[in-house]
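Take a look at the structure set out below.
Readers should treat all values here as calculations from the given coordinates under stated rules, not as data from a laboratory. Everything numeric in this text was worked out from a predicted model, so none of it was measured. All Cβ positions, glycine included, derive from the backbone under ideal geometry; neighbour counts span all protein chains shown.
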Amino acid sequence: MSTTAARGLAPWRWLGLPMLLVMIVTFIFALPLRFWGLGLPEPLFAMPVVFAWAVIRPSMLGPVAILVLGLFLDFLWGAPTGFWPVCLLLPYGVVLAARSILAGQSQLMMWIWYALATVMAMGTGYLFTMLHTQSTPDLVTVGWQFLATVVLYPFANLLIERFEDADVRFR
């Protein structure tokens, strides 16, 4: 990557703007629109930014942004308050702890790590939903949501490539 592509790490650029875009896209995909009898998929659009924020750099603002994003998802989808913040903060913490292992990994390995973080987030949500409703969510639906979310990895990669070299303190 060229050094001209590196950007400064103003919080509104690497946290605020991606969070706002995730909220807008999530809201649009939550609208009850149907095309040819099919509804829009509902991937977990927050997952790419959660993964990227953990890889880019440690920050006190990352977990706060994830909390806000998770609460937005709770209110939008009608989940119990705190459901999505917990589901998103858990993989964030694991990826943040494994950050040194992720440095210099190939794109395929990063995609696998992203898929594992997605499994952790959705698996946590699946377990909490089972405990809350006393029934199991449909595995086919969860599987499709997982696949739609894993396909979003290029957006996490784009965010990582854009900002990973911006802060000289972490080179």
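Between Leu44 and residues 5 or more places away or on another chain, which pairs have amide H atoms under 5 Å apart, with H built 1.01 Å from N, and which residues are they?
Here the answer is Thr149, since their amide H atoms fall under 5 Å of that of Leu44.
If you take the alpha carbon radius of gyration of the stretch 4-161 and divide it by 2.2 N^0.38 Å, what ratio comes out, to two decimals?
Output field value: 1.03.
With springs only between Cα atoms under 10 Å apart, run a GNM on the chain and tell me which of Pro18, Pro137, Pro63 wobbles the most.
Most flexible of the set in this elastic network: Pro137.
Tell me which of Thr136, Phe51, Leu102 sits at the most positive position along the dipole axis of the stretch 42-171, charges placed on C-beta atoms (Lys, Arg +1; Asp, Glu -1).
About the Cα centre, the residue reaching furthest to the positive side is Leu102.
For the chain, set up a Gaussian network in which alpha carbons nearer than 10 Å are linked by springs, and say which option among Thr149, Thr81, Thr118 fluctuates the most.
Greatest mean-square fluctuation among the candidates belongs to Thr81.
Among Phe72, Phe27, Phe51, determine the one that fluctuates most according to a GNM of the chain built with springs between C-alpha atoms less than 10 Å apart.
Result: Phe27 has the largest fluctuation of those listed.
Considering the zone a paramagnetic label at Thr133 would reach in this model (a point 7 Å from Cα along the Cα-to-Cβ line), which residues of the stretch 61-81 have amide N under 19 Å from it?
Zone members listed by number: 73-81.
With Cβ to Cβ distances under 13 Å as the rule, what net charge do the other residues near Trp144 carry (K, R +1; D, E -1)?
-2
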